[in-house]
Structure formats: structure tokens, C-alpha cells
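Asker: Next up is a structure, given as C-alpha cells.
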Amino acid sequence: MRRREVLGLGLAALSAPLVTPGPARAQAKFPERPIRLVIPFPPGGVNDAIGRPWADKMKPLLGTVVIENMGGAGGAVGALAVARAQPDGYTLLLGSGGTQVIIPIASSQPQYDPVKAFETISLLGITAVCIAVHPSVPVQTLQELIAYAKANPGKLSYGSAGSGTMTHLTGELFKVLSGTPDIVHIPYRGAGPALTDAISGHIPMITPNVTGQVIELNKTGKLRILAVTTATRVAAALDIPTAIEAGLPNMISQNFVALFAPAGTPKPIIEQIAQASRAGLSDSELQQMFHAAAFEPRPDSGPEHVRRFLDDEIARWSPIIKSINLKLD
């Protein structure tokens, strides 16, 4: 072939449009339609307080993110729906300690494996759980609550966001550590209904996640938070002691909110969503919203970090769940 012909072919190749393989081209276009974020609880709970502002912040980064509240079975209904969804990046789960830790461990026949059924994406934030009572309950401290429960066996009950949630496990752990096994558990279909009954006095005690709403209810006297269950005090409510400070060593229970996708979702898509989440969580406005909801945002998180975090949580709660013989089925 003559030199002039070779040069001609080279110029033709340079002027030709760049064509990438089909899969790479499809991934480069992601997302082409709205992404569905499943919040596995009814509207009004702590997951909504994190998921909705996160979704709004993702609009310029990922396009429209549509929220779908899918409550039931302590979050298992929504989690299972995502586990069975197409692994294309268009269906995500806003998972928590309930859906990713408690339910799989406490079920004799778990419907999904929290590690194998999902791809980890990003840890959005961590929050505390608290022990609170209606103002009519004649106690001001956690030790007074313990004494009151022991003096009135079977007469005290607490509400949770549902069987198998972190709020339920927190209550059961409290009963074990405080020696008050007669406190009755009343499960609700989400945090919102439980809070409504606690405020109205239909239930005397509640173990909710510490959100901006719960902190405000404490400030206005509609609820009385006796202690938070993290190792340190909550930045948004520094006047409230920890359960450890109140005399209950090992009373640590914290909830987390993280993004998960169905297993098999392509890694480039996972990383694209994770990068967008990191950018969104670095935004000061979104951080302020998280802090207002008593969440500590985690803009440094990524897929591997969430995987390690989840492994640690499972290792921490497995022996506790077995020791209290928690069964969800």
C-alpha cells in the first residue's frame, strides 16, 4: 500500500465518529429516566426526613429521583421489592439497621440476604435512638423509669416503628439491660403512627429515632426524652444524656440510612450514584438539613465503606438478637 493511501486511511479513521461498545454506551447514558428510591416505611418517619431532601439534591446530578414509600413488615416488604427489581440502577433502596441487619438475623427463614441480595452504594447518615415517655409518666430520669417499671410490672408499654426495626430492638435491649422484662412491646406500622399515640398518651413510652421532630416534641414538653442510645451525646440535643451516662453500660443502639441497589447492578452505575451522593452530601445546605433531623451526614462514604460498616453492624447485633431470642416469624 502506498504511503499516500495509508495517510488517507488514517485521516478517515480520525474523522469517523467514535463508537463505543453497546454496554459502555448504555452505561454512559445513565440515567435515561427517573430513578425510583424505595423508602420501606410509611411517610413521616426518619427515613423520609433523610431520603426526600437527598433525592431533591440529586436532581442536578442524577436527574429526577421519585420517592416510593412501601411500608410493611418492619421494612422487609420494600427491601424485598428492591432485591427482586431489575439490577439496572433505576431502583434503589433506602436501607437501615432494620432492613439490613435485624430482619435477616431475626427471621428463621429470611426472604433476602442483606449482603448477597444488594450492592452497597453510600452511607448517608447515622442517628441515635432514644428512650422517651409521655409527660404523664411520673419519671424524670432513666433510673426513675427503671424503678417505676419494676414497681409496676406489666403496666408499662412502649411503642416502636414495628417489629424488627431498630426502635424495637432498642426497647428489647433496654429491657434486658435494665432488668424490666415485663414492659410490653406495641409495634406500629411506622414511626409516624407510634409518635402520634405517644403524644396523645395512648402509650406511655416510646423508643424512636432521634429526629428533629422528636427533639422539638421534647423541647415543647409533649414528650420527655430520658436518654439517647449512642456512645456520645447528640449534637442537636446536647442537654440530653446518653443511656451510658444514665447508668446503663452497653446500651448502645444507633440507626443508619444507606443506599443499596439490587445485586448485579453494574459497578460503573454504582460508582456514578455513589459519586453523586458524595457530592450531594458535601453540600452545606443538605448537611444542615441532616443535622436538623439529628443525623450526622457521611460525605466520605462509598460502596466498600458501606460494605465494611454493614459487616460490623451484623457482627455486633447477631449475638444480642440471639441472646434476647428475638423472632420475627
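The values are calculated or read from the model by the stated rules, or taken from the named source; none is laboratory data. Not measured: the values here are computed from a predicted model. Counting neighbours? That spans all protein chains shown, and the Cβs are built from the backbone with ideal geometry, glycine included. Quick note on the areas: whole protein, heavy atoms, side chains included, nothing else; ligands and nucleic acids left out. Shrake-Rupley method; radii C 1.70, N 1.55, O 1.52, S 1.80 Å.
Asker: Among what's in segment 97-110 and is polar (S, T, N, Q) and outside any loop (DSSP other than H, G, I, E, B), pick the residue that is surrounded by the fewest Cβ atoms within 10 Å (Cβ to Cβ). Steps first, answer last, please.
Answerer: First pass over segment 97-110, keeping only residues polar (S, T, N, Q): 99-100, 107-109.
Filter again for outside any loop (DSSP other than H, G, I, E, B), leaving 99-100.
On the way: Thr99: 32, Gln100: 27.
The qualifying residue surrounded by the fewest Cβ atoms within 10 Å (Cβ to Cβ) is Gln100.
Asker: For Ala149, all conditions in the list (1) crowded, with 22+ Cβ neighbours inside 10 Å; (2) of a type in the set (A, V, I, L, M, F, W, C); (3) closer than 24 Å to Gly45 by Cα hold save one; what is the number of the exception?
Answerer: So Ala149 meets the others, but not (3).
Asker: Now for a different question. Does Val77 qualify as being outside any helix (DSSP H, G or I), under 19 Å from the mean Cα position of the chain (by Cα), closer than 24 Å to Thr211 by Cβ and of a type in the set (Val, Ile, Thr)? Walk me through it before giving the result.
Answerer: Details: outside any helix (DSSP H, G or I): no; under 19 Å from the mean Cα position of the chain (by Cα): yes; closer than 24 Å to Thr211 by Cβ: yes; of a type in the set (Val, Ile, Thr): yes.
Spelling it out, it is not the case that Val77 is outside any helix (DSSP H, G or I), under 19 Å from the mean Cα position of the chain (by Cα), closer than 24 Å to Thr211 by Cβ and of a type in the set (Val, Ile, Thr).
Asker: Can I ask one more? Please tell me if Pro87 is at pLDDT 95 or above, surrounded by fewer than 24 Cβ atoms within 10 Å (Cβ to Cβ), touching a strand residue (DSSP E or B) at 6+ places or on another chain (Cβ under 6 Å) and not in a helix (DSSP H, G or I). Show your work before the answer.
Answerer: Working: at pLDDT 95 or above: yes; surrounded by fewer than 24 Cβ atoms within 10 Å (Cβ to Cβ): yes; touching a strand residue (DSSP E or B) at 6+ places or on another chain (Cβ under 6 Å): yes; not in a helix (DSSP H, G or I): yes.
So Pro87 passes the test.
Asker: Further, regarding this structure: Given the conditions (1) crowded, with 21+ Cβ neighbours inside 10 Å; (2) at pLDDT 95 or above; (3) of a type outside the set (Lys, Arg); (4) touching a strand residue (DSSP E or B) at 6+ places or on another chain (Cβ under 8 Å), which single one is not true for Gly280?
Answerer: Checking Gly280 against (1) crowded, with 21+ Cβ neighbours inside 10 Å; (2) at pLDDT 95 or above; (3) of a type outside the set (Lys, Arg); (4) touching a strand residue (DSSP E or B) at 6+ places or on another chain (Cβ under 8 Å), the one that fails is (4).
Asker: Checking Leu94 against (1) at pLDDT 95 or above; (2) assigned to a loop (DSSP other than H, G, I, E, B), only one condition comes out false. Which one?
Answerer: Of (1) at pLDDT 95 or above; (2) assigned to a loop (DSSP other than H, G, I, E, B), only one is false for Leu94: (2).
Asker: Kindly evaluate Pro268 against the criterion of being of a type outside the set (Asp, Glu) and modelled with pLDDT under 95.
Answerer: No; evaluated as a whole, the condition is false for this residue.
Asker: Considering every residue within segment 212-222, establish whether at least one is open to solvent by less than 20 Å² (accessible area, probe 1.4 Å), over 28 Å from Ile50 (Cα atoms) and not in a loop (DSSP other than H, G, I, E, B).
Answerer: No: zero hits.
Asker: Output yes when any residue across segment 252-260 is over 19 Å from the mean Cα position of the chain (by Cα) and open to solvent by 10 Å² or more (accessible area, probe 1.4 Å), and no when none is.
Answerer: Within segment 252-260, the first condition is being over 19 Å from the mean Cα position of the chain (by Cα), and the residues that meet it are none.
Within segment 252-260, not a single residue is over 19 Å from the mean Cα position of the chain (by Cα) and open to solvent by 10 Å² or more (accessible area, probe 1.4 Å).
Asker: Looking at Asp56, Asp113, can you tell me which residue is within 23 Å of Phe295 (Cβ to Cβ) and either in contact with a His (Cβ under 6 Å, 6 or more places away or on another chain) or open to solvent by 60 Å² or more (accessible area, probe 1.4 Å) (or both)?
Answerer: Working: Asp113 fails: within 23 Å of Phe295 (Cβ to Cβ).
Among Asp56, Asp113, only Asp56 is within 23 Å of Phe295 (Cβ to Cβ) and either in contact with a His (Cβ under 6 Å, 6 or more places away or on another chain) or open to solvent by 60 Å² or more (accessible area, probe 1.4 Å) (or both).
Asker: Quick one: Ser136 ticks every box in (1) closer than 22 Å to Pro104 by Cα; (2) at pLDDT 95 or above; (3) out of contact with any helix residue (DSSP H, G or I) (no Cβ under 9 Å at 6 or more places or on another chain); (4) not acidic (Asp, Glu) except a single one, so which number is it?
Answerer: (1)
Asker: Return yes or no: is Gly159 open to solvent by less than 10 Å² (accessible area, probe 1.4 Å), out of contact with any Phe, Trp or Tyr (no Cβ under 6 Å at 6 or more places or on another chain) and closer than 24 Å to Pro40 by Cβ? Before the answer, list the steps.
Answerer: Working: open to solvent by less than 10 Å² (accessible area, probe 1.4 Å): yes; out of contact with any Phe, Trp or Tyr (no Cβ under 6 Å at 6 or more places or on another chain): no; closer than 24 Å to Pro40 by Cβ: yes.
No; evaluated as a whole, the condition is false for this residue.
Asker: So how many residues does segment 177-188 have that are within 20 Å of Ile252 (Cβ to Cβ) and within 24 Å of the chain's Cα centre (by Cα)?
Answerer: 1
Asker: If you check Ser107 against the conditions, is it touching a Leu at 6+ places or on another chain (Cβ under 7 Å), under 26 Å from Ala194 (Cα atoms) and at pLDDT below 95?
Answerer: Values: touching a Leu at 6+ places or on another chain (Cβ under 7 Å): yes; under 26 Å from Ala194 (Cα atoms): yes; at pLDDT below 95: yes.
Yes.
Asker: Answer yes if at least one residue in segment 59-80 is open to solvent by less than 30 Å² (accessible area, probe 1.4 Å), within 22 Å of Pro299 (Cα to Cα) and in contact with a helix residue (DSSP H, G or I) (Cβ under 9 Å, 6 or more places away or on another chain), and no otherwise.
Answerer: Here is the first cut: in segment 59-80, the ones open to solvent by less than 30 Å² (accessible area, probe 1.4 Å) are 62-63, 65, 71-72, 74-76, 78-80.
Now narrow it down to the ones that are within 22 Å of Pro299 (Cα to Cα): 62-63, 65.
Keeping just the survivors that are in contact with a helix residue (DSSP H, G or I) (Cβ under 9 Å, 6 or more places away or on another chain) gives 62, 65.
There is at least one residue in segment 59-80 that is open to solvent by less than 30 Å² (accessible area, probe 1.4 Å), within 22 Å of Pro299 (Cα to Cα) and in contact with a helix residue (DSSP H, G or I) (Cβ under 9 Å, 6 or more places away or on another chain).
Asker: Examine segment 300-307 for a residue that is of a type in the set (S, T, N, Q) and farther than 25 Å from Val234 by Cβ, and state whether such a residue exists.
Answerer: Within segment 300-307, the first condition is being of a type in the set (S, T, N, Q), and the residues that meet it are 301.
Now restrict to residues that are farther than 25 Å from Val234 by Cβ: none.
Looking for residues that are of a type in the set (S, T, N, Q) and farther than 25 Å from Val234 by Cβ, one finds none in segment 300-307, hence no.
Asker: Can you name every residue in segment 232-251 that is open to solvent by 40 Å² or more (accessible area, probe 1.4 Å), more than 30 Å from Val65 (Cβ to Cβ) and touching a helix residue (DSSP H, G or I) at 6+ places or on another chain (Cβ under 7 Å)?
Answerer: Of everything in segment 232-251, those that are open to solvent by 40 Å² or more (accessible area, probe 1.4 Å), more than 30 Å from Val65 (Cβ to Cβ) and touching a helix residue (DSSP H, G or I) at 6+ places or on another chain (Cβ under 7 Å) turn out to be Gly247, Asn250.
Asker: If you don't mind, another one. Among the residues of segment 157-189, what is the count of those that are of a type in the set (Val, Ile, Thr), at pLDDT below 95 and touching a strand residue (DSSP E or B) at 6+ places or on another chain (Cβ under 7 Å)?
Answerer: Residues that pass the stated criteria total 2.
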